[in-house]
Amino acid sequence: MKKADFDLVIIGGGPAGLTAGLYAARARLNVILLEKAIPGGQVIITDWIENYPGFPKGLSGADLVQNITQQTKRFDLNIENNEVISIDCSENIKKVRLSDRTITAYTIIIATGASPRKLGIPGEDRFYGKGVSFCATCDGPFYKDRVVATIGGGNTAVQESLFLTKFARKVYLIHRRDELRATKILQERAFANERIEIVWDSVVTSINGGLTNVENITVKNVKTNNSKELRVDGCFIWVGIHPNTEFLGGCVSLDESGFVIANSNMETSMPGVFVAGDVRNTPLRQIATAVGDAAIAAFSAEHYIENIK
Ligand code: NAP
């Protein structure tokens, strides 16, 4: 058999990718982790994490990522800042095309996570970076004593709305139903927070403003069909996520929403290609589940390599 450059290529440097790297490095696999931006993924923009075991007071997303990265360094994990353009799994030795070269590997772990979904409404793109944001940790401090709208009813929207109340004097949380999707403890905190006003049964149909900033949003009540304008200085959008799978090019099976399908060993439909974390078709997207997936994926990759070698 021809020799590959690496035993394992891990694509993505969030908690799942880093954990897979930690396990693979400790198993003494010849492994490289590729991350196109800075390690951390979505977690790095999470203000505070209080449901990851072992940290009774909670910790910031940035600190958690820094801790895991440091831990991988202890075992000499090779992390490279590079973007994967495509992968070719047509042969036993897989090809991974990067921005500057192509590398080969016996196995791949896909840990590319997911990105915030857009609403596709007028003004969303035009005001991006000028009042429209997907990141409270990045942009929240700009809204000290100002009024913002947040859109969505899931964990992200509610948790980040709570964070925004540290700065904004008022947060309109606009949700399309009459019940939040977020976990109960977050709901309780939102209901108790005087700075949050929930606008139920409503969708934002456009984001409006002048040349450089958002001035108001048009909100439609889906039960009455009545629209009104709400004066806001900024608008944060958290209406779910879409998986980062564009580079896969049909190499593995995806579900109807584009998430990678895997069995309990994290094996995808392509032998030698494994998956972990938010990009996987999974019933629960948490850091705790992502790192669990990753440990299994690295273990499965190790066994696959032993068998083919
Ligand atoms: P999510 O759980 O999918 O929630 C998306 C929210 O946006 C839902 O309330 C949905 O409404 C609403 N929505 C979707 N499309 C919309 C549209 N076109 N217009 C208006 N509203 C729309 O997404 P997420 O909150 O980003 O969370 C992603 C994953 O990360 C989840 O698995 C979540 O549990 C996890 N997460 C966990 C934590 C935590 O544990 N603390 C924190 C952050 C994220 P409906 O409810 O009507 O569908």
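Key figures
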quantity	calculated
Residues that are assigned to a strand (DSSP E or B) and more than 21 Å from the chain's Cα centre (by Cα), drawn from the stretch 93-126	Lys94, Lys95, Val96, Arg97, Leu98, Thr102, Ile103, Thr104, Ala105, Tyr106, Thr107
Residues (within 13 Å of the ligand (Cβ to nearest atom), part of a strand (DSSP E or B) and not aliphatic (A, V, I, L, M)) located in the stretch 230-245	Cys235, Phe236, His242, Pro243
The stretch 32-59 residues that are away from the ligand (no atom under 12 Å from the Cβ), paired with ones that are aliphatic (A, V, I, L, M) and in a loop (DSSP other than H, G, I, E, B) (beta carbon under 8 Å, 6 or more apart)	Leu33/Leu77; Ile44/Ile38
Matching entry among Asp201, Asp125, Asp145 (being farther than 16 Å from Gly240 by Cα, surrounded by fewer than 18 Cβ atoms within 10 Å (Cβ to Cβ), within 11 Å of the ligand (Cβ to nearest atom) and at pLDDT 95 or above)	Asp201
Enumeration of residues in the stretch 156-195 that are in contact with a Ser or Thr (Cβ under 6 Å, 6 or more places away or on another chain) and more than 13 Å from the ligand (Cβ to nearest atom)	Val171, Asn193, Arg195
Test: residue in the stretch 215-229 that is within 16 Å of the ligand (Cβ to nearest atom), assigned to a strand (DSSP E or B) and either modelled with pLDDT under 95 or under 30 Å from Glu302 (Cβ atoms) (or both)	no
Selection within the stretch 264-296 - small (Gly, Ala, Ser), touching a Gly at 6+ places or on another chain (Cβ under 9 Å) and at negative phi	Ala276, Ala290, Ala294
Hits in the stretch 127-154 - residues which are part of a loop (DSSP other than H, G, I, E, B) and touching a residue at least 60 places away in the same chain (Cβ under 8 Å)	Phe127, Lys130, Gly131, Phe134, Cys135, Arg146, Gly152, Gly154
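The values are calculated or read from the model by the stated rules, or taken from the named source; none is laboratory data. A quick note: this is a predicted structure, and the numbers were derived from the prediction, not measured. Glycine also receives a Cβ, built like all others from the backbone with ideal geometry; neighbour counts cover every protein chain displayed.
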